[in-house]
Amino acid sequence: MGFKNRFGNFLIFWGLISLFIFFASLYTPDKDYNYFAFLLGIVLLWIGIPLRRAKRPAPPKPAAPPPQAAPAPAKQAAPAAKKRGLLTTLLKGPPPKTAAPPPLPPPPAAPPPPPKKGLAALFAPKPKKK
């Protein structure tokens, strides 16, 4: 909360107290009304309300993170359909059935590993013959 807003709250607080003093003086038996408290309360409210409603300052912006490589774009799922209400269901009937998306094709088989060379080929286990 900015300084203007806090100062406006302060003025409104004291303006309301001043108006309370004036209205309390109306019920005194000696009829000695406190007009100064009334004027002070009105002036404090007149100044305090615009200050309280003043535009608050924007919060400080955080430091920008270092730029990173953009990730590969992923397939976005279609947004879920909005759920129909009771009245719409009664008037228009049940929602139409949506077709299931076609199944994804199986991933291609991985190629066999290349033959080993050098010492790794000498000490590798031999494949069993059937």
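Counting only helical runs of four or more DSSP H residues, what would the 222 nm mean residue ellipticity of the chain come to if each run contributes -39,500 (n - 2.57) and the total is spread over all its residues?
-13000 deg cm²/dmol
Label the range 3-52 by shape, choosing from rounded, prolate and oblate, from the square roots a ≥ b ≥ c of the eigenvalues of the Cα gyration tensor; if a/c is under 1.5 it is rounded, and otherwise prolate applies when a/b is larger than b/c, oblate when it is not. The shape class here is prolate.
The calculated FRET efficiency for ASN9 paired with TYR33, based on their beta-carbon distance and R0 = 22 Å, is about 0.20.
Can you tell me the mean projection area, over all orientations, of the convex hull of the chain's alpha carbons? Units nm², please. Write out the running numbers ahead of the final one.
Working: hull surface 107.9 nm².
About 27.0 nm², averaged over all directions.
The protection proxy used here, the mean number of other Cβ atoms lying within 10 Å of each residue, ranks peptides 88-100, 17-29, 39-51 as follows, highest first: 39-51, 17-29, 88-100.
We did not get these values from a lab; they are worked out from the coordinates using the rules stated. Predicted, not measured: the structure shown is a model, and the values here were computed from it. All Cβ positions, even for glycine, are placed from backbone atoms using ideal geometry, and neighbour counts span all protein chains on display.
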